[in-house]
1. Considering only residues of region 66-79 that are free of Cβ contacts under 8 Å to residues at least 60 places away in the same chain and in a strand (DSSP E or B), which is least open to solvent (accessible area, probe 1.4 Å)?
2. Among the residues in region 55-65, are any part of a helix (DSSP H, G or I), at pLDDT 80 or above and closer than 26 Å to VAL1 by Cα?
3. Looking only at region 41-55, which residues are closer than 16 Å to TRP82 by Cβ, of a type in the set (D, E, K, R) and in contact with a strand residue (DSSP E or B) (Cβ under 9 Å, 6 or more places away or on another chain)?
4. In region 1-44, which residues are β-branched (Val, Ile, Thr), modelled with pLDDT of 90 or more, more than 12 Å from the chain's Cα centre (by Cα) and in a loop (DSSP other than H, G, I, E, B)?
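The values are calculated or read from the model by the stated rules, or taken from the named source; none is laboratory data. If you're wondering where the values come from, they're calculated on a predicted model, not measured in any experiment. So basically every Cβ, Gly included, is an ideal-geometry build from the backbone, and we count neighbours across all protein chains shown. Side chains are part of the model used for accessible areas, which takes the heavy atoms of the whole protein and leaves out ligands, DNA and RNA. Shrake-Rupley method; radii C 1.70, N 1.55, O 1.52, S 1.80 Å.
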Amino acid sequence: VLVDGRVVGLLTEQDVQRRLHRHPSETTVAHLMRTDFATLQLRDTLWVAVREMSLAQLSTLPVVHNDLFHGVVHLEDIDHAWRTSRKHARSRLHPGESVYK
């Protein structure tokens with residue numbers, strides 16, 4: 001959830017399902033969103049992103065720079081990037097060489 005380009009809330013499908021049952025009359029985003037959540041910085045590594053997602057038990061986190069929203073990173077995107085990277089690394093290997101050094 002953004003206000004003037006700044007991330008002020010985070011709303012997951014699970015949040016909606018869980019909180020909507022508790023407060024069916026409070027259906028606004030403001031009532032349902034999380035206001036305490038991790039964010040990632042543009043300079044954070046993918047390892048940091050995975051760690052933060054794991055700690056927060058979330059599969060997606062917003063990316064900010066100078067407190068302004070720049071996008072989101074999803075765990076599936078990271079997994080895809082790693083698989084693609086390993087695939088390209090294997091294609092450049094010489095016989096007998098390992099991807100994992």
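1. Of the residues in region 66-79, the ones free of Cβ contacts under 8 Å to residues at least 60 places away in the same chain are 66, 70-79.
Okay, now just the ones that are also in a strand (DSSP E or B), so 70-74.
Numbers: HIS70: 107, GLY71: 17, VAL72: 92, VAL73: 33, HIS74: 51 Å².
Selected residue: GLY71.
2. The initial filter retains those residues of region 55-65 that are part of a helix (DSSP H, G or I), namely 55-56.
Within this subset, residues satisfying the condition of being at pLDDT 80 or above are 55-56.
Pick out the ones that are also closer than 26 Å to VAL1 by Cα and you get 55-56.
Checked against the condition, which is being part of a helix (DSSP H, G or I), at pLDDT 80 or above and closer than 26 Å to VAL1 by Cα, region 55-65 yields at least one hit.
3. Keep residues of region 41-55 that are closer than 16 Å to TRP82 by Cβ, which gives 44-51, 53-54.
Filter once more, so that each one left must be of a type in the set (D, E, K, R): 44, 51.
Selection gives ASP44 alone.
4. Once the filter is applied, which keeps residues that are β-branched (Val, Ile, Thr), modelled with pLDDT of 90 or more, more than 12 Å from the chain's Cα centre (by Cα) and in a loop (DSSP other than H, G, I, E, B), region 1-44 yields VAL1, VAL8, THR35.
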